Every structure is written in C-alpha cells, then in structure tokens.
Ligand SMILES: [Zn+2]
C-alpha cells in the first residue's frame, strides 16, 4: 500500500500547480468540448455522402431485395442528419450552461433547498445528492424533445418503432426512479469514502467501485431488467436444444436461457449473455428468433460464447478498472484547488473549501479530450474481440470435433447479413467515422474476416 501511496504522491507533486495557479479552466473546457463536438460533426459530414450511393458493396449485392438498399440508405441519411443536429444542439446547451454559471447556481440552489429542511452546509453529502439530481433533471429536460423525435418520428418513419407514448412515459419515470434509487446511495457511499479515507482514498474507492459493479451484475438481470422487459424461458424446441448442446459442449455454465420481448419497443434485434463466472444467463431477442433460422441464431450464440471463451468481458472490465484508477490517481490534485472552482464561477466561500462532488464534476469536464482518446482505443480493442469471436465460431468444429458445425462460419455470415438487412444498418462506412464510433467491424469487414478464417483453417487441416 505504501508503494502505491508514494507513487500517487509523486503524481500529485507534478500536478501541484493546479491548487495554486490561476488557470482559465473554463476556457480550456469550452475549447476542448467544442473541438470534440466539431470533430464529431466533421465525421458525420464525411459519412453523409456515402448515403447517396446507389449500389451496395459487391459482396452484399445479392442479399438486398428490391428497394431494401435504398431504404437502408434513407434511414442512414435521416439518422445522420438527426445526429448532426442533436450533437450540436447538446453542445450549445452544455456550453451555455457552463458559460452562464449553471453549475455554480445549482450548488447554491441545492444548499438553499436543503436549508429549508433544516440541513446546513455541514450536510455536504445530502447537498451533493440534491445537486447531482438538480443537474440531472434540469439538463435532461431540454433534450427530452430529441428522444421523443428519435422514437416517434425517426424510428417510426422507418418502421422500427414499437414504443407507445404510455410506454415511453413509464420508461422515463422508471428510469428516473432507478437513477435516484441507485444513484443516491452510490453518491452517498462514494463521498463517504472521501470523508473517511482522506487523501488515501484511491484503493478504497477502487474496491468500492469493483464491488458496486459486481452487485450490479447480480441486480441487473434480477431486479432492473424485469422493470423494462419481460424475460421468459426460451421455449423447448430446435433452438433450445441447439443452444443447450453448444453450452454443455463448451462447459459454459448456462443457468438460464431466456427470450426477451425486445419487440415491445423496437424491431431491432440482438442476443447477449451475462452473469457471474459460475452462473451465466443467455438472452435472445424475440426479434432475432423471428428473423433468423434456429441454426443461424445458434451461430450468433457461438460467436457470443467466443466472447466468453476468450474472456472478453473480463478483459474489458480490467481495462475499465485501469481507466478508473487513472482518473482517481489524477483527481487529488483537483480536489483541493480553489482556483479551479473560482474559474467556473463558484463564490469564494465555496471555492475556499471545495465540495468533493463539485471538484469531481469539474475534473470530469477537464478530462473530456482524454476520454475521447480512451473511447477510440476501447473501440479498437472491441473490434479486435469481434474478429476473435467470429474466428472462434468458424473453428468450433475442430475444437468440439463436431462435423455438424462445419458450416458455423457460413451460418454466422448469413445471420449477420440478415440482421444488417432487417435493421437497415449502414453498409458504406467512412473509415475515420468507423474508427471513432464503431465498436464492431463493418458487415463487409466481418464477412471478409469469416472467409479468411475459414480459408486458414482449411489450409491447416490439409
Ligand atoms: Zn460480438
């Protein structure tokens, strides 16, 4: 522990200037956030002309029925226009909130509110919770029309929306209730650790974050997801037999196999697994089952089990712990920095003894450019894992000595094409746009990859 603390102290020494130097932080945040927002708009402008292409890539041409490619291009075009508008709208909103002192006003307003209930400024944790939810509600209201438009105009126009207005409102209220029910105790515990551990908070906070994530792994399927969707055991039949056989052959600890009513909100389709290492759940969207044949859904799950076999979720979680650790290791320098708060318009009295939550929020804003690079890196890792899982599906026949699985790669290819065509997913993708935004390789890349994996294994078998 002492070695860790010495290293952390070293980092703080390098960042000591934050506590004293009168840096114009608000200007930095404005410049960086506008740079990111304008770069994202630029990417959309690069991608946009590709939606005017009249023909799909040659490899996919045979999979599009008459008019379907045109539909997918129109859908892409509408989504891109919407993304461009909403991205800039949100940026203008965030930027104005920052410039006109919304964040310092919210802190004062939260203090005044709890004061009415007899809590003074010594109740920092209560004030922090009220502060976070004030920010959360007030900043989510102006963007609400955007999600109404996305659901009831954009998705509706292209035939995907299944959400009714009642469902939309109940989803929203449930989401808010959940954010409060989970968020309030989380913030309380988070801030309590700072109070209790002082400047030695890093390992304690890490331990807390990891435990929280593990608790969520248990709570999400049992408590949270049933609030929004119905999970029912997958009916007996061809698909169930196939999936159970596949899981038992791979010694995948399958506890429950569910079908989820994804069609309640949208006709987009998917499949995934989750759970603790010894008890996993597989969930298949009803839309996927309706759109593909059992042997194709099986291939999608072979790919998903490839993620499990190669421990991709665990590796991703390790990367994200490292990410959280880096953030926490840098944070102490910003924790006791009056000039930081002054720069964001906080009154002298508040800045003199910065509230942890305020310092953390401002620190997060300063990290925006770093986070953009982290997300590009994470996407690259995730794309690599997608190829690895595809390859796993192709080579499953050798691993399990199951000749009946020899066409797994082809089945997966067919399933991917069907998913893409049914979801009207974009087929022409600008490389820079894709590198920045996509956690999955494009369809054409994946089909090429599947072919290459197949060719490689045949060569090895000879
Ligand atoms: Zn995958």
Inset, instruction - With the Cα gyration tensor of region 397-448 in hand, convert its eigenvalues to equivalent ellipsoid semi-axes via √(5λ) and list them largest first in whole Å. - result: 28, 13, 7
Inset, instruction - Report the convex hull volume per residue for region 335-404, counting only C-alpha atoms, in Å³. - result: 114
Legend entry - Principal semi-axes in Å for region 281-341 [√(5λ), Cα gyration tensor, largest first]: 44, 15, 6
Legend entry - Bins of 5 Å from zero: percent of alpha-carbon pairs in region 86-169: 3, 13, 17, 15, 13, 12, 11, 9, 4, 2, 1
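Scale the Cα Rg of region 193-262 by the rule-of-thumb value 2.2 N^0.38 Å and send over the ratio, two decimals. Don't skip to the end; give the middle numbers.
Values: Rg = 19.0 Å, N = 70, 2.2 N^0.38 = 11.1 Å.
The value comes to 1.72.
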Legend entry - Relative frequency of Cα-Cα separations exceeding 16 Å in region 230-291, percent: 44
Inset, instruction - Neighbouring Cβ atoms within 10 Å as the yardstick, rank 439, 96 fewest first. - result: 96, 439
Legend entry - Rounded to 10°, Cα long-axis angle of helix 25-47 versus longest principal axis of the chain: 20
Inset, instruction - Fewest Cβ neighbours within 10 Å first, please rank 156, 295, 55 accordingly. - result: 55, 156, 295
Inset, instruction - On a 0 to 90° scale, report how tilted helix 165-197 is relative to the longest principal axis of the chain, with both axes built from alpha carbons and the result rounded to the nearest 10. - result: 50
Legend entry - Stokes-Einstein D for the chain, Kirkwood Rh over Cα pairs, 4 °C, 1.567 mPa s (µm²/s): 51
Legend entry - Rounded tilt (10° steps) of 201-219 against the dominant C-alpha axis of the chain: 40
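What FRET efficiency comes out for the pair residue 153/residue 407, r = Cβ-Cβ distance, R0 = 45 Å, nearest 0.05?
So, using R0 = 45 Å, E works out to roughly 0.60.
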Legend entry - Net length gained if the chain between residue 15 and residue 270 were fully extended (0.36 nm per residue, minus Cα distance): 87.3 nm
Inset, instruction - Counting only C-alpha contacts under 8 Å and six or more residues apart, can you give the relative contact order of region 230-291 as a whole percent? - result: 33
Inset, instruction - Please figure out what share of the DSSP beta bridges in region 163-290 is antiparallel and state it in percent, rounded to the nearest 5. - result: 60
Inset, instruction - Report, in whole Å, the centroid distance computed from the Cα atoms of region 319-377 and region 212-257. - result: 38
Legend entry - Inter-label distance, nm, simple model (7 Å from Cα along the C-beta direction), residue 364/residue 212: 1.0
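What does the extension gain come out to for residue 336 and residue 146, with contour length at 0.36 nm per residue minus their alpha carbon separation?
Gain on extension, residue 336 to residue 146, equals 64.6 nm.
Quick note: the coordinates plus some simple rules give every number you see, no bench work behind them. The structure presented is a predicted model; accordingly, all values stated were derived computationally and were not measured. Cβ coordinates were reconstructed from backbone atoms using ideal geometry, including for glycine residues, and neighbour counts include every protein chain displayed.
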